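In what follows, a single structure is set out as structure tokens and then discussed.
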Amino acid sequence: MTQQFEKVRALTGMKDILPHESAAWETLEAIVRDWLASYGYRNMRTPVLEQTRLFARGIGEVTDIVEKEMYSFRDALNDEQLTMRPEFTAGMVRATIEHNLLYDRPQRVYCMGPVFRHERPQRGRYRQFHQIDVEALGFAGPDVDAELIIMLARLWKRLGLQDIRLELNSLGQQEERAAHRQALVEHLEKHIDVLDEEAKRRMYTNPLRVLDTKNPAMQDMANQAPRLFDFLGPESLAHFEGVCARLKDAGIEYTLNPRLVRGLDYYNLTVFEWVTDRLGAQGTVCGGGRYDGLLELLGGKPAPAVGFAIGMERLLDLWQQSEAEIKASECDIYVIHQGDEAQRRAALLAETLRDEGYRVLVHAGSTGFKSQFKRADASGASVALIIGPDELAAGHASVKWLRQQEGDTRAQQEMLAFDAIAATLKTRM
């Protein structure tokens, strides 16, 4: 008796994207690539695996990502501690330093693909999820900060997204954050009785993150805390005002959120989030900001940098709420046949049509016309070509238009010679 093999299922929080779903992904990815190219951004592809110390150093050892969420393991072959990337920026900066990309000019680059965090799965949050990560490396001014935000507004408009709003803040420079940090720690110490265990743990290691709390019992304390914005010097204020002026020029509204700090240690000056109320608890669609110290922190020459990341699952969810279901056809032309000789002729005709750039499916196997027509319609094809014994004898195919355009008064089905099919289709498809 053969032992039955236990069915293997996908890991928790790691989701299959099936063929009927991937059409929307491919459409969104194509829109994103075109949008990024219109601003001069070029694609970069970094490894999924990096040394753990890259993320501990770059993201910050007392962040949630490094402390709780990274998938890390020791590579027995090389005795190295490795991590599956939890975000793109650190790896992109590492690649920029390693390959000396800033030697002769600044770089506008992007990555798109999977990242990994060990979080509790919920709507818009998975353990393997996908990000669009955009980085402007080597640019120091507020003009590029504003350009990134204006870019995003263009993407939302292109996707038809309505209920999405911009929150903005400045984290200043290191010495300004140090002065604010001291005042903030003193404030937290005075209110230690309302701090939860997580806040007490972070009070001295990463006090800014305490202000990002969702705990209702801590909201009054957080609202009364010293604002980092009040510690900014003239240069930081001028940078922020430069960003705001350019957003005003572009007609982009924003809310100043003094508690917006982002979850990563490397940010300075401008930080921003685009948020929505249409995705439940996971309302941040995009977040980013400036991180001028990260290249030097990771061993490179000092250079300014600014960027953002978009969660693709959340963006897709939001887009599909705004749009009708996004479907893509399997092919342009479906070839139906009857008999062995007709099947062979169908295969040759299909190759000729593919030479002309059409997507063509030839029905596999030998089934009746009824089932083949049913399959042709399900494929989403615009036209079906039918080849049977009569068509072979006459040297032509029957052409059936499955999805005629509104107002097209031509015949729904007609006969065309094999060598005239491609030219005729060009006039009607």
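In whole angstrom, region 137-256 maps to an equivalent ellipsoid with semi-axes of 31, 19, 11, each derived as √(5λ) from the alpha carbon gyration tensor and ordered largest first.
Annotation: Cα Rg of region 333-428 relative to the compact-globule expectation 2.2 N^0.38 Å equals 1.00. Straight-line cross-link reach from Lys157 at under 28 Å between alpha-carbon atoms covers these lysines, not counting any fewer than eight positions away in the same chain: Lys248, Lys327. Taking the longest Cα principal axis of the chain as reference, the axis of helix 174-190 is set at about 70 degrees. Close amide H partners of Asn268, meaning residues 5 or more places away or on another chain with modelled amide H under 5 Å apart, are Arg290, Tyr291, Asp292. Axis angle, to the nearest 10 degrees, between helix 369-378 and the longest C-alpha principal axis of the chain: 20 degrees.
The angle between the Cα long axis of helix 234-249 and the longest principal axis of the Cα atoms of the chain comes to about 30 degrees, rounded to the nearest 10. Residue-wise HN-Hα couplings along region 349-364, as the Karplus relation 6.51 cos²θ - 1.76 cosθ + 1.60 with θ = phi - 60° gives them from phi, are 4, 4, 5, 4, 5, 5, 4, 8, x, 7, 8, 10, 10, 9, 4, 8 Hz; Gly and Pro carry x.
Considering only Pro121, Leu137, Ala24, and ranking their Cα positions along the charge dipole of region 1-159 that arises from unit charges at the beta-carbon of Lys, Arg, Asp and Glu, the one farthest toward the positive end is Ala24.
A cut-off under 12 angstrom between Cβ atoms defines the neighbours of Gly40, and their net charge, with Lys, Arg +1 and Asp, Glu -1, is +2. Per-residue 3J(HN,Hα) values for region 11-20, derived from phi via the Karplus relation 6.51 cos²θ - 1.76 cosθ + 1.60 with θ = phi - 60°, read 5, 4, x, 10, 9, 6, 10, 8, x, 6 Hz in sequence order (x marks Gly and Pro). Amide H to amide H distances under 5 Å link Val261 with no residue, where only residues 5 or more positions off or on other chains count and H is placed in the peptide plane. Taking the helices alone, the chain has a mean residue ellipticity at 222 nm of -11000 deg cm²/dmol, built from -39,500 (n - 2.57) per DSSP H run of at least 4 residues and averaged over all its residues. At most 15 other Cβ atoms within 10 Å and a DSSP loop assignment: could you name the chymotrypsin sites (Phe, Trp or Tyr not before Pro) in region 199-276 that fit? Filter output for region 199-276: Tyr204.
Could you tally the net charge around Phe139, taking each other residue with its Cβ under 11 Å from the Cβ of Phe139, Lys/Arg +1 and Asp/Glu -1?
-2
If only the Cβ of Lys and Arg carry +1 and only the Cβ of Asp and Glu carry -1, the dipole of the chain around its Cα centre is close to 520 debye.
Computed about the Cα centre, the dipole magnitude for region 333-428 is approximately 300 debye when only Lys and Arg (+1) and Asp and Glu (-1) carry charge, each at its Cβ.
Amide H contacts under 5 Å for Ile387: Ile336, His337, Gln338, restricted to partners 5 or more places along the chain or on a different chain, H placed in the peptide plane at 1.01 Å from N. Given [x] 21, 43, 24, 11, 1; [y] 26, 61, 13, 0; [z] 26, 57, 16, 1, which label gives P(r) over Cα pairs in 20 Å bins from 0, in percent as computed from the coordinates? Checking each listed value against the structure points to [x].
Loop-located GluC sites (Glu not before Pro) in region 53-162 (DSSP state not H, G, I, E or B) with no more than 15 neighbouring Cβ atoms inside 10 Å: Glu61.
Quick note: the coordinates plus some simple rules give every number you see, no bench work behind them. These numbers were taken from a predicted model, which means no experiment stands behind them. Glycine gets a Cβ as well: all are built from the backbone with ideal geometry, and neighbour counts include every protein chain shown.
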